[in-house]
Amino acid sequence: MVDLLNEYQVNTVAITNRFGDTVYQRINGAVIRVGNFPADVYSNPICAIIFSIPSGATANYSCGAMEGRYVIVHLPGDQKILTLCEVGVYGYLLGNLAVDKATTQSSTSGDWFAQKAIDGNRGLQQVHTGCSSTLNETNPWWRLDLHDVYRVSKVVVTNRNDCCAEQLDGLEIHIGNSLENNGNSNPICAVIPAIAAGESYSYSCSEMEGRYVNLILPGNKKILTLCEVEVFGKGPVLKQTFVKMQINSRADLTNLKMRENMRSALGDRGLTNVTLRWSQTPEPAISNP
């Protein structure tokens with residue numbers, strides 16, 4: 001059993017079997033479970049049953065975003081030996097706003113795409129399959145689009161563990177709603193002095209509001225490599241704007257078609273999801289002499 005320390009949505013469990021002519025069959029029939037019950041492993045739901053894994057091979061089992069803190073592999077039956085040469089667990093920390101959102105970066109080195117920084121794989125085994133990276137350039141940046149405005153409480157950044165940990169020194173986290181300068185002009189949440197190789201550091205953003213999370217590395221001849229970026233907060237933030245207008249019209253403003261025409265006119269000016277309320281100035285009373 002592995003304790004993930006937090007509750008995750010588990011997408012994939014990768015099992016590596018031992019190498020050998022006969023002993024590799026010992027894994028046959030093993031059961032993978034994901035859940036929140038460490039004392040009674042059989043109370044946790046089943047992700048998959050391992051029918052067989054070839055000698056020395058790695059097999060991936062989809063868990064379909066099952067939620068849980070514990071991942072258990074057990075082998076039912078008497079006089080069994082369970083040997084595991086490697087277990088990899090891939091998924092997302094619950095509450096991570098970055099999951100399935102849109103990403104982009106200033107440039108891309110090979111197949112180190114921007115989306116790999118939010119794929120749930122922290123790249124601690126094979127960096128090139130789990131991390132994003134730009135080319136060597138001036139002021140490289142990476143951007144996450146949350147699609148809506150959120151109050152961001154913290155951002156967690158994971159550094160690569162194979163080499164070059166110092167490449168992230170001086171990294172800036174920006175949060176805001178503007179795409180001016182590719183979003184790099186938004187307010188700063190934090191400046192990262194350093195992150196140790198293979199470590200994940202958390203930075204408080206004090207509920208800064210924004211749709212875009214930018215990570216920029218100021219300076220010349222810089223390479224921005226991110227093995228995972230996680231964003232936590234509250235939202236989406238709903239904002240209401242009240243506009244008072246005076247309209248000169250002989251039309252009946254309570255007419256439904258008039259309301260639709262008004263909404264259409266406001267929509268052409270970028271104002272949508274509008275609730276209309278109005279009052280008409282009463283006609284002056286005419287008294288007979």
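What does the highest-first list of 16-22, 224-230, 121-127, 185-191 look like by mean Cβ count within 10 Å? Could you put the intermediate results ahead of the total?
Numbers: 16-22: 13.4, 224-230: 24.3, 121-127: 18.7, 185-191: 16.9.
Those peptides, ordered most packed to least, come out 224-230, 121-127, 185-191, 16-22.
Using the Cα coordinates of the range 114-231, the gyration tensor eigenvalues translate into equivalent-ellipsoid semi-axes of 21, 15, 13 Å, sorted from longest to shortest. Positive end of the dipole of the range 76-184 (Cβ unit charges, origin at the Cα centre): among HIS174, ASN139, SER109, the Cα lying farthest that way belongs to HIS174. Using the Karplus relation 6.51 cos²θ - 1.76 cosθ + 1.60 with θ = phi - 60°, the per-residue 3J(HN,Hα) values for the range 222-228 come to 10, 10, 9, 10, 10, 8, 5 Hz, with x marking Gly and Pro. The simple spin-label model puts a point 7 Å past each Cα toward its Cβ; for ALA194 and ILE81 those points are separated by 4.5 nm. Rolling a 1.4 Å probe over the protein heavy atoms of the chain, with every protein chain left in place, gives an accessible area that is 49 percent carbon and sulfur.
Backbone amide hydrogens, once placed in the peptide plane, bring ALA48 within less than 5 Å of ILE32, excluding anything fewer than 5 places away on its chain. In terms of the mean number of neighbouring beta-carbon atoms within 10 Å, the peptides 23-30, 50-57 order highest first as 23-30, 50-57. Using the 1.4 Å probe convention, the accessible area of the chain works out to 57 Å² per residue with neighbouring protein chains retained. Rounded to the nearest 10 degrees, the angle from helix 256-267 to the longest Cα principal axis of the chain is 60 degrees.
Farthest towards the positive end of the charge dipole of the chain, among the residues GLN126, GLY88, ALA251, is the Cα of ALA251, using unit charges on the Cβ of Lys, Arg, Asp and Glu. In this structure the amide hydrogen of VAL89, modeled in the peptide plane, comes within under 5 Å of the amide hydrogens of ALA14, none closer than 5 places in sequence on its chain. For the chain, the tally of Lys pairs with Cα-Cα distances below 20 Å comes to 6, considering only residues 8 or more apart or on different chains.
Is it possible to state the helix-based mean residue ellipticity at 222 nm for the chain, with each DSSP H run of 4+ residues giving -39500 (n - 2.57), the sum divided by total residues, to the nearest 500 deg cm²/dmol? What is it?
Result for the chain, helices only: -1500 deg cm²/dmol.
The modelled label-to-label distance for the pair ASP162/LEU4, using points 7 Å beyond Cα in the direction of Cβ, is 2.5 nm. Counting only cysteine Cβ atoms and a cutoff under 4.7 Å, the chain contains unmatched residues CYS85.
Backbone phi angles across the range 153-169, fed through the Karplus curve with coefficients 6.51, -1.76 and 1.60 (θ = phi - 60°), yield HN-Hα couplings of 8, 7, 10, 10, 10, 10, 8, 5, 10, 8, 5, 6, 4, 5, 5, 8, 4 Hz in residue order; Gly and Pro are listed as x.
The gain in end-to-end length when the SER206 to GLN126 segment is fully stretched comes to 25.5 nm, 0.36 nm per residue minus the alpha carbon separation. Averaging the sequence gap over all C-alpha pairs within less than 8 Å and six or more residues apart, then dividing by the number of residues, gives the range 81-230 a relative contact order of 31 percent. Measuring r between the beta carbons of LEU94 and ASP40 and using R0 = 25 Å, the FRET efficiency lands at 0.70.
The values are calculated or read from the model by the stated rules, or taken from the named source; none is laboratory data. These numbers were taken from a predicted model, which means no experiment stands behind them. Cβ atoms come from the backbone with ideal geometry, glycine included; neighbour counts cover every protein chain shown. Surface areas here come from the heavy atoms of the whole protein model, side chains and all, with no ligands, DNA or RNA. Shrake-Rupley method; radii C 1.70, N 1.55, O 1.52, S 1.80 Å.
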